[in-house]
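Read through the structure below, which is laid out as structure tokens, and then see the notes.
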Amino acid sequence: MTKAYAGIDRDGWRPYFSLVLFCGIALVLSIPGACVVRDLASASFLLGFPTFFYVHALFMGLLGLALGTASAERGERGGRMVVALGQRVLIGQLLCVPYFVFARSLFPGRGGTLALIALFTTLVALALAMLTRLIEQPRPLKPSPGFLAKYALFVAYYAVPLVGLPFLSPWGAVRILLAGVEPREALLVLALPIALLAVLSPLAAGAGGEERV
């Protein structure tokens, strides 16, 4: 057996590797060229491609899916499962703290915005982890229908609202936060993942399966 930390064994660290790798690549792509580095604040937003934040939102969501699946495979349930998933999501976010510190230099004067985005993506990842834990139930001798369902819901959540209600999509919400919003609008953006957590957490905590220690 491999040594585990916070309930994560060696194989369980793979989703974190993807998060750190692709967010790092995206942060590099977000750096403006030398010819415009004199005015980082305006240049970064005039380019319209603060790539790091969108990639971070995407891979935090994928991390949530992976963590929810791993929790279902372990048969975790109850309050301990909710706490454990929260800890694992926070580990992913903590691994990205150096990226956010560097991003703050690319987008000066937006420290509050970056904190809101970090909070928002944490809530999204945790909500998706709870959703995946709920639908990805181990079924002996039968393939789990949750594999396709979780990715279908993931794509729908990220892409479909962009057509008419962008604040309901994590990508749309990140774009709104980057544009600068009043506290009331920020609460509206945060309301959906908070509502999802309030509904999904008790359902996922009582999902079938015996807890494995």
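The values are calculated or read from the model by the stated rules, or taken from the named source; none is laboratory data. Remember, predicted model here, so these are calculated numbers, not experimental data. Note that each Cβ is placed from the backbone with ideal geometry, even for glycine, and that neighbours are counted across all protein chains shown.
Residues in the range 83-129 that are touching a residue at least 24 places away in the same chain (Cβ under 8 Å) and among the aromatic types (Phe, Trp, Tyr) were compared, and the one that is farthest from HIS56 (Cα to Cα) is PHE107. Within the range 182-206, residues that are within 23 Å of GLY75 (Cβ to Cβ) reach partners that are among the charged types (D, E, K, R) and in a helix (DSSP H, G or I) with beta carbons closer than 6 Å, at six or more positions or on different chains, in the pairs ALA204/ARG133. If you go through the range 168-197 and keep only what is surrounded by fewer than 11 Cβ atoms within 10 Å (Cβ to Cβ) and in a helix (DSSP H, G or I), you end up with ALA179, PRO183, ARG184.
Going by the structure shown, is ARG80 touching an Asp or Glu at 6+ places or on another chain (Cβ under 8 Å) and either without any contact (Cβ under 8 Å) to a residue 60 or more places away in the chain or surrounded by fewer than 20 Cβ atoms within 10 Å (Cβ to Cβ) (or both)? Yes; evaluated as a whole, the condition is true for this residue. The residue that is modelled with the highest pLDDT, among those in the range 122-149 that are among the hydroxyl-bearing types (Ser, Thr, Tyr) and within 21 Å of CYS96 (Cβ to Cβ), is THR122.
Going residue by residue through the range 150-167, is there one that turns out to be at pLDDT below 85, exposed (fewer than 13 other Cβ atoms within 10 Å of the Cβ) and assigned to a helix (DSSP H, G or I)?
Checked against the condition, which is being at pLDDT below 85, exposed (fewer than 13 other Cβ atoms within 10 Å of the Cβ) and assigned to a helix (DSSP H, G or I), the range 150-167 yields no hits at all.
Residues that are touching a Leu at 6+ places or on another chain (Cβ under 7 Å) and among the small types (Gly, Ala, Ser) within the range 47-101 comprise GLY61, GLY64, GLY68, SER71, GLY86, GLY92, listed in sequence order.
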